[in-house]
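Any read-out appearing in this document is the output of simple, stated calculations on the displayed coordinates, not a laboratory observation. This one's a predicted model, so the numbers in the text were calculated from it and none came from an experiment. So basically every Cβ, Gly included, is an ideal-geometry build from the backbone, and we count neighbours across all protein chains shown.
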Amino acid sequence: MAYPSFVIDRRHFKRNLVTALSCLSTAPRTIVRLLVLPSRFSIAFSGSSHTNLPARGKLADAVWFMSNVATMKTRIAVPADAAAIADLHAESWRVAYRGKLQDDYLDRTIYAERQALWEERFRSSSDNQFVVVAETAGGVTGFACVYGDEDATWGSFLDNLHVAPDKKRQGVGTVLMAEVATWSLRSWPANGMYLWVLESNTSAMQFYEELGGSRVGEGVWTPPDGGEYRKLRYAWDRLDELAAASHPVPD
């Protein structure tokens with residue numbers, strides 16, 4: 001789905017943001033996609049009631065955007081980020097999988113396990129691995145890890161997309177999705193992208209569907225502490241739209 005967009009130059013941020021908001025009709029509208037780029041802001045609006053951000057009025061949108069999103073940036077992850085990424089990964093699992101995975105695993109084991117995982121990923125990074133982080137002055141608030149051209153049918157594999165629990169519904173996940181889509185398009189322009197999500201994770205499923213993902217398969221996830229859970233594959237045949245408003249992070 002295409003959304004009307006406004007690109008706002010940082011040098012005239014307040015004036016241009018007000019101009020963009022004034023171009024909207026008086027019908028209730030909410031921001032559904034925010035991309036914070038090195039040299040510009042891209043804001044997409046839609047009248048849909050299924051949005052990634054809570055509904056607000058135009059003035060409240062402007063205030064919220066300036067106070068919560070304007071300071072966020074994305075960059076390629078480096079080995080020094082391993083601890084922050086592992087901590088965020090573990091905390092995301094603690095929140096999302098409480099009641100599914102064993103409490104002892106979530107409370108005691110998971111951080112050391114995620115730490116070892118990310119140290120190994122940075123130490124033995126494959127050529128088709130791309131990890132990007134979103135951060136503010138407070139540190140890393142989200143990350144994504146994708147493997148390019150991983151599957152002959154489905155294309156690049158988005159293995160991880162996590163946002164700090166207190167930063168969800170603030171556009172961070174959408175920014176990261178656009179970044180990994182842009183990266184994949186650079187080397188594999190004809191490829192799509194796919195990911196797996198637990199069937200019980202309805203909020204994530206809604207998020208991916210709002211970004212144009214289609215449910216195309218299912219499987220079984222066996223987590224590190226045992227058990228079996230049904231998972232669903234979401235895929236994008238083309239990544240142009242997902243990446244259209246994004247500007248790649250620097251090499």
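Table for the structure above
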read-out	value
Ile110, Ile76 arranged by Cβ crowding within 10 Å, fewest neighbours leading	Ile76, Ile110
³J(HN,Hα), Karplus 6.51/-1.76/1.60, whole Hz, each residue of region 157-163, x for Gly, Pro	10, 7, 7, 9, 8, 9, 10
Net charge dipole size for region 105-251 [Lys, Arg +1 and Asp, Glu -1 on Cβ; Debye, nearest 20]	260
Cα-Cα separations in region 74-199 greater than 24 Å, expressed as whole percent	28
For region 103-176, the fraction of alpha-carbon pairs in successive 10 Å shells from zero, as %	16, 39, 37, 7
Exposure proxy ranking, count of Cβ atoms within 10 Å, fewest first, for Phe130, Phe122	Phe122, Phe130
Shape metrics for region 160-251, restricted to C-alpha atoms - Rg then Dmax, Å	14.1, 41
Flagged links, alpha-carbon separation over 23 Å, of Lys73/Lys231; Lys73/Lys100; Lys100/Lys231	Lys73/Lys231; Lys73/Lys100
Neighbour-count ranking [beta-carbon atoms within 10 angstrom, fewest first] of Trp93, Trp188	Trp188, Trp93
Built amide H within the under 5 Å cut-off of Lys231, gap 5+	Glu199, Gly219, Val220, Trp221
Karplus 3J(HN,Hα) series, Hz, for region 103-111 with 6.51 cos²θ - 1.76 cosθ + 1.60 (x for Gly, Pro)	4, 4, 5, 5, 8, 10, 8, 5, 5
